[in-house]
1. Restricting the search to the stretch 191-201, which residues are buried (at least 20 other Cβ atoms within 10 Å of the Cβ) and under 22 Å from H213 (Cα atoms)?
2. Restricting attention to the stretch 77-100, report how many residues are in contact with a strand residue (DSSP E or B) (Cβ under 8 Å, 6 or more places away or on another chain) and surrounded by 19 or more Cβ atoms within 10 Å (Cβ to Cβ).
3. Can you list residue pairs whose Cβ atoms sit under 6 Å apart, with the first residue in the stretch 85-104 being touching a residue at least 60 places away in the same chain (Cβ under 8 Å) and the second being assigned to a helix (DSSP H, G or I) and crowded, with 20+ Cβ neighbours inside 10 Å? Count only pairs 6 or more apart in sequence or on different chains.
4. Determine the pairs where a residue that is in contact (Cβ under 8 Å) with a residue 24 or more places away in the chain, located within the stretch 209-229, has a partner that is part of a strand (DSSP E or B) with Cβ atoms under 6 Å apart, the partner being 6 or more residues away or on another chain.
5. Those residues that are part of a helix (DSSP H, G or I) and of a type in the set (A, V, I, L, M), I need them from the stretch 98-110; list them, please.
6. Based on what the data block shows, is Y172 in a helix (DSSP H, G or I), farther than 21 Å from F226 by Cα and either within 13 Å of the chain's Cα centre (by Cα) or of a type in the set (S, T, Y) (or both)?
Amino acid sequence: MNTKKISLKDIAVKAGVSTALVSYVLNGKEKESRVGQEIAKKIKEIASELNYQPNHLAKSLRSGKTHTIGLVIADISNPFFANIARVVEDEAKKSGYTVIIGSSDEKAEKAWDLLNVLINRQVDGFIIVSSEHSESHIRHLKERNIPFVLLDRHFPDLQTDFVATNNYKASYDAGVHLVEGGYEHIGLIAYKSDMYHMRERIRGYRQALKDHHFDLNPNWLKEVRFENIEKEVKIAIDEMISSKDKVDSIIFATYGLAINGLKYINELKLKVPSDLAIVSFGQAEVFDLYYCPITYLKQPLEMLGKTSVELLLEKLKNPDVGMKQILMEAKLIVRDSSMARSLHKIS
């Protein structure tokens, strides 16, 4: 069995041209070197016939670039992040970049370990969905002049490139939608977190009620810990539906919160939307499969992923390019779970 690695010289000998000419053609520089179309085609056919595999290590050593991007996401089990990872990977591939993906599981320590592993792997830059308490990681990258773009989450006190959803507006829209549907006791279940995107979702909810002259009952807003989500969501719902002014609707600030909440609502044998109307952040197939299709805030994940890659590649090409901070709008997809109260009896 012949295991000899095919070199540029092997292709050059068979094509009857110089090694330099083969290198130009296989690196996509035919136009620069003014190679005729016929000879360029012949070189590519021979390379394919011999099953030539480029030596990426040697190329990296010459250019100082590895053509790899480190993607650090918060939670790979969340369909939103899994889908964003796929978009980032596909988009990067179009420009010849490989993406190395790691999940921090919402833990700053794990995120730090991943960053260091990827820095040691000499990735050219990062796309990061930050976890809580990871501001120091971002400062570290800035100090070392390592290119990066923050995706979905950012820190308002740190001047960085980012691509994110307008979380305030999305949450505000959810609140207004329920108010206009005739709901009067609107609750929100969010994570207990200092992350800016979560505080914005809470702020949007509060403002929607305030603008429509609703007094915010403290018992309608619940914040639970990510590491104890199942238990604390149950406690939150119990408290929200057992008080004197019990909620008639709930906004879930994330997909994970919604899934845990809906499971418990089923256990309690509460009906959606007649007992509780539901709106959630994040899109997922499970929202279609639920007996009552769930109203959700559709974040522009395709554009979020694509734009983050575009910004990073622009920074890699031109390190002096100006900082870009992009907010995108979510779209409220209205389904049966938040049907207007006036329609309950009719349906």
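1. E200, R201, listed by residue number.
2. Total satisfying the criteria: 7.
3. Here the result reads V87/G305; V88/G305; V88/V309; E91/V309; A92/V309; S95/L313, each pair linking the stretch 85-104 to a residue that is assigned to a helix (DSSP H, G or I) and crowded, with 20+ Cβ neighbours inside 10 Å.
4. W220/G187; L221/L188; K222/I189; E223/A190; F226/Y191
5. A108
6. yes
Conditions tested, residue by residue: (1) farther than 30 Å from V163 by Cβ; (2) among the basic types (K, R); (3) buried (at least 16 other Cβ atoms within 10 Å of the Cβ); (4) outside the structural domain of S130 (by TED's automatic domain parsing).
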position	(1), (2), (3), (4)
F214	yes, no, yes, yes
K222	no, yes, yes, yes
I241	yes, no, yes, yes
Y255	no, no, yes, yes
K269	yes, yes, no, yes
G282	no, no, yes, yes
V286	no, no, no, yes
T295	no, no, yes, yes
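The values are calculated or read from the model by the stated rules, or taken from the named source; none is laboratory data. Note that the coordinates shown come from a computational prediction; the quantities given were computed from them, not determined experimentally. Glycine gets a Cβ as well: all are built from the backbone with ideal geometry, and neighbour counts include every protein chain shown.
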